[in-house]
Each structure stands twice: as structure tokens, then as C-alpha cells.
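The values are calculated or read from the model by the stated rules, or taken from the named source; none is laboratory data. The shown structure was predicted, so the numbers you read here are calculated from the model rather than taken from an experiment. Please note: Cβ atoms are built from the backbone with ideal geometry, for glycine as well, and neighbour counts cover all protein chains shown. To get the accessible areas, we keep the full protein, side chains included, count just its heavy atoms, and leave off ligands, DNA and RNA. Shrake-Rupley method; radii C 1.70, N 1.55, O 1.52, S 1.80 Å.
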Amino acid sequence: MLVEQDRHKRLYDLHSWSGVLLGLFIYVVAFTGIIALFGDELGPWENPAQRLAIPEKPFAIDETFQNFAKATQEKGELQFVRIDFPHEKAPYYGGLAGYNNASNQRIVVERKWHPTTGELLPKRGDGLSHWLLDIHRKLMLPTTLGRTLVGIAGIVMLVLIVTGIFIHGKIIKGFFTLRLDRSTRLKWQDSHKVLGIIGLPFSIMISFTGAFLGVIAILSPLVAVIAFQGDTEALIAKVIGEPLEASGESAVMLSVDKIHAMQHPDSDKVPTRVIITNYGDKNAHYRVIYPAIKELNSSDQVELNGVDGSVIDTGVTNTKTTAANRVINAITPLHYATYGDIWLKWVYALLGLFLALLTATGLMLFVERRLHGSEGNRSEQFYQRLSKTNIGVCLGFPMATVILFYHDKLYTGLETDRLYWTGITYFAVAIATTIFSWFQQDGYKTVKRLMIALGVLTTGIPLLNLITTGATLWVSNTVGETFSNGTDIGALVLGIIIIVSSTQIPTKRNNKRKPQSANIELTTLAAE
Amino acid sequence: MRVVSVTLLSLVATIFLSSALLLALPGDFSERALWITIFVPLIWASFMTYSYWDKKAWRTMLTLGLVSITGIAIVIISPTPV
């Protein structure tokens, strides 16, 4: 796909400048996305009380749940109440209720109950998995702002992909060109292109779905302002239908145990969740969520009256199977790899790593061409600092992620403050690693040292789990233990790969060029 | 000029074009809304790429400006959906 020379130059400028200005941000979003894939699996590793089996005959939870809902209702205006039935990814009962307090603030209350005894599971503050998931979804910022920023990373990534395709042109040739034994510049350049080409379909998909999931947060309020004179609720009602209004007449709620036994209309699957609105009212509404029976669908839903159990046709768009709905419903499973088993997540993780490395190699290439080439008009010191920042950030966030596992097990403070200290630890480590990189003379040595430290710390995660919770890799009697052991094995394998990779990194910059191929190289550089 | 187009005008043009399409296109409103939401990232990325695609920088500003103004005009003359 060749473009004229002027256009090539302009697209190259757009590609390199948007890459260098937002590259580190995109790297952080891509890297955190790899970890976010395993949010469900991390739960039992994080909290030993969740290493449970799914019982054949679960505890009858209705009374406990109704008491929880009523108790929350007494605190303020109940907005919704939700129950999660024990299932593979969360083998316990989960209760969630949201109410508005006297100051009209939304408060969310959460409970977890044992699947066999119904006893309240030990309370544990949000930490590791919550942080790693939310840092990717919304950068731990207010939802609209955070998701918009992450969505913008997706948009910029799309632009980088499109411009990359146009400026690269020779896709087939680039796929087979990886000259690691030549100059440093060619090494970065070939690595960047090969990583880009291998991961191209995945990068397009993940950027598009990520951009969609992000920009939707800002788009609906904006369109509401423009087309509905600021009435967001009117827009939502127009798209997904009017919510059922409460009648004001009290009624006894349908047992959630009965709902739990209710099979999917087209399969033998049982519900995983019920979301209830208008709780305690004659017009109570149960949204019963089943695992999707069709590929690439988030879930299947049945809408019921919460008193008599009759099926309600709410006209809600997301239950209809139109083409647009099929596409929208496929976006989240596509983005988070929830339409397959754990192996699909590992494939995503590998391709996500390619995407993160693609960004990192692009940044290194930008610096390399300016520090040791003819491009750029800034001082050498400026590009040195940029290079060190790239190294610090690109290794700082993986380091911060691994340290969070240690923080999670060694934290001794109040459970209510756990998330706060998780965040402090995360950013402190990422920033400290970047500062460490600034004060090192040789970037190659810095990468080597940091990777060894990262590898050793990652390999130590199973040992940490063994010492603090007694978990062993060879004992796995429950689904929760399987997830916990999977996390340990994953960390062990990753740690070893990182340590082995670190031994392959040279200790200094390679300036050698093969004399017999110097002309070819110069021609290639000129073409760039 | 291209920097203004890529950072600002591409976003403004995307927002007004999407709003105009939402109000002006025929068919079921919710279906339209979903399709437009799906296409917004692609429209935005296309406008950003276009900012550096066209040879003349002023032409990218003019085109994106005209798209925005046309979008605004359609939003103004279209009745609010009920």
C-alpha cells in the first residue's frame, strides 16, 4: 500500500508524534489491559476465603438475601439490589445493593455469603484485583473522565494503526524481515514492524472495542446535550426503553432460590445473577442473567415481574436480536476474551503483550533515530532523558503490578483503607522505577537490572502465597483453589521467561554493521 | 493548522456529524443510536487521519469545519425526538 512521498511524510509525522506524545499512555493502557483479563481469576488468589467449591446443593439464600435488601432499604432510597449465585468465576453468593442517602449520594453495599452454609464471608477491602481492573477501565478516575481517556487511547491507537499501515506499505515483506544482528536502529525498526504485523488484526479489534467502550461514556451525555437539550435520561429511555415505575403498593418478593433453579429457556443453564429494581413493590422487576448460549454474547436475559414471576416484555432494546445489538453485545466479550476459556485469555495476553511491546519499540525507535541518526533538532540530553523515561515507565508499571501482589499479602492496615494504600504503592513503585532509570548512565544495563528484579519478584509470587495462605501448587480441590494455583503457575512461568529474557539483553549498545550489507541497510534507511 | 484539525476539529466534526445522523437518518431511533455509537470511533479516527492525508492544511480545516457546520444546521432544523 504505497502512498505518494509527501503524504508518506505527513502520515509518518502524525504516526511518530502521536506515538511519542501518547505512546507511554497507550503502553500503560495496553499493559494494564493484559492484567485486567485475569480479574476474575485473581479474586481467589487475593482472598483465600473465596477458594471455595460450587456445591451440588447450595444453601437456600432467599431469607438471608431478603434481610440484606430490607436492611439496605431502611438506610435510604434503594435504587437496585443484586444477587450473584455461586458460579465458576465466583463460587459464593454475592449481594450488592445501591441506595441514595439523605445527601442524594449513591452508596453501594456489598456482601458475600458461603455457598454451603450461608455464613457471611470475612470482609476484605477492595485491593489487588479491583485496582488492576479499574486502572485499565478508568484509570481509577471518575467513571466518565477515566473511561473517556482510555477510549481516547483506543482512538489514537486506531490512528497509529492506519497511519502505520500506510507508511509501512510492504506488509508481506516486513513480516519476514527481522534483522536482530544488525544495527540497533534496524533492530528496533524490524521488531516494531514485525510486532505490528503479527498483531495487526488483534490490535485493530482491541483498539476499536476499547475505543467504543471508552467513548460511549462521553458520547451519550454529549449527544444528549446536543439532540435532547441535555436530557440524558430521555436519550437513554429512547434507546433502551422506559424503566418500570414503582406502583407504591408493597408486595412480597419472589424467592431468589426459585429463580436460581430456573433453567435458561433454551438450555439447561441456571442463572448467575438477578438484578432487582423496585424492590418490595408490586411492580418489582427481576432481570435474570444467564451465561450466554450464543458465541460472542455477554449474557442472556429474562425479564420477570418480581412478585408473580410472569415474564415481562419491557421492549428493552438489549434483549432484542437486531444486527446492531449483536455487534454491541459482542464488544465486551471480544475486548475481555470472555467468550472462551482461560487459554483464550492467555492468547489475548500474548497478543496484548505484542501491542505493549509495539508501543515500547516505537518509542525506542523514535529516540534511536534522533539520538543516533539525522532526525530531530533537540539536544542529545533531551533524547537521553526521553529514553530513560521510556525505560522507567515501560518497566515501572510491570514492577508496580508485581509489587501489588506482595502488598496484598503483607498489608496489615485497616481493610477500609486497603484500596487507598494499594494505589499509593502502585504509583510509588512506578514513579520510583522511573526516577531510578533517570539516574542510571546506561539504558541497557538499567533494562537488564530491572528485568532481573521483575523476574525474581514475579517468580516469588507462589512462594508468597504458600507462606501467607498455605496454598500449594499441587493441591487443588475446589474451583477457587484452581484459580489461585493458576495465578501462581502463571506467575512462576512468567517470572522464568522474564529472567531468561533478561539474559538476552546486551549490556551495551550494538553499533556493528555488516560491511557486505551496508548498502542494503543504507537503502532501507533512505526508504524510511 | 493540521494540529488544530487533528486535536480539535476532528472531535467537533465527529460529535456534530453523529448527532446530525442520529436525528436525520430514517428508521428505528434506538437502532440508529446503536449503529452510530458503533461507528463513532471509526469516524473520529478517520477524521484524525484525514487531517494529515490532504495535501493542503487549510483544506482539512475547511472540510472538517463544513462537516461541523452542516451537522449543527441539521441538529437545529431537526425536531427533538419524542
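What the table shows:
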quantity: Cα gyration tensor category, rounded, prolate or oblate, for segment A:183-324 with a/c compared to 1.5; calculated: oblate
quantity: Whole-angstrom gap from segment A:228-292 to segment A:344-359, using each part's C-alpha centre; calculated: 37
quantity: Total accessible surface hidden between B and A, rounded to 100 Å², 1.4 Å probe; calculated: 3100
quantity: Dipole magnitude of segment A:217-272 about its Cα centre (Cβ charges: Lys, Arg +1; Asp, Glu -1), debye to nearest 20; calculated: 160
quantity: Over segment A:388-485, equivalent-ellipsoid semi-axes from the Cα gyration tensor in Å; calculated: 29, 18, 9
quantity: Chain A: calculated mean residue ellipticity at 222 nm from DSSP helix runs of at least 4, using -39500 (n - 2.57); calculated: -19500 deg cm²/dmol
quantity: Rounded to 10°, Cα long-axis angle of helix B:29-53 versus longest principal axis of chain B; calculated: 10
quantity: Translational D in µm²/s for segment B:2-77 (Stokes-Einstein at 20 °C, 1.002 mPa s, Kirkwood Rh from C-alpha pairs); calculated: 170
quantity: Partner aspartates and glutamates for A:Lys294 [C-alpha distance under 15 Å; skip if fewer than 8 residues away on the same chain]; calculated: A:Asp266, A:Asp268, A:Asp341
quantity: Peptide A:213-222 - average C-beta neighbours from other chains (10 Å radius); calculated: 3
quantity: Per residue solvent-accessible surface (Å²) - the protein assembly as shown, probe of 1.4 Å; calculated: 48
quantity: For A:Leu21, net neighbour charge (Lys/Arg +1, Asp/Glu -1) across residues whose Cβ lies under 15 Å away; calculated: +2
quantity: Per-residue mean of C-beta atoms belonging to partner chains within 10 Å, peptide A:151-157; calculated: 3
quantity: Cα Rg over Rh - segment A:1-97, Kirkwood; calculated: 1.34
quantity: Entries in A:Lys9/A:Lys508; A:Lys9/B:Lys55; A:Lys388/A:Lys508; A:Lys173/B:Lys56; A:Lys258/A:Lys282; A:Lys238/A:Lys269 that, when Cα-Cα distance is taken, lie over 21 Å; calculated: A:Lys9/A:Lys508; A:Lys173/B:Lys56; A:Lys238/A:Lys269
quantity: Potential extension, B:Leu42-B:Thr70 segment - 0.36 nm per residue separation minus Cα distance; calculated: 8.1 nm
quantity: For segment A:77-101 versus segment B:19-73, the gap between their alpha-carbon centres in whole angstrom; calculated: 40
quantity: A:Leu350-A:Thr117 pseudo-label distance in nm [points 7 Å out on the Cα-to-Cβ vector]; calculated: 4.3
quantity: Cβ crowding within 10 Å averaged over residues, with B:49-57, B:31-39, A:148-156 ranked highest first; calculated: A:148-156, B:31-39, B:49-57
quantity: Difference of contour (0.36 nm per residue) and Cα-Cα distance, A:Ile496 to A:Ala53; calculated: 156.4 nm
quantity: Whole-number Å³ per residue for the convex hull built on Cα positions in segment A:107-179; calculated: 197
quantity: Helix B:57-77 axis, angle to chain B major axis (alpha carbon atoms, nearest 10°); calculated: 20
quantity: C-alpha center-to-center spacing [segment A:452-513, segment A:401-435] in angstrom; calculated: 19
quantity: Label point distance in nm, A:Lys294-A:Leu463, each placed 7 Å from Cα along Cα→Cβ; calculated: 5.1
quantity: Average beta carbon contacts from partner chains per residue of A:236-242, 10 Å cutoff; calculated: 3
quantity: For chain A, convex hull of alpha carbons as volume per residue, Å³; calculated: 185
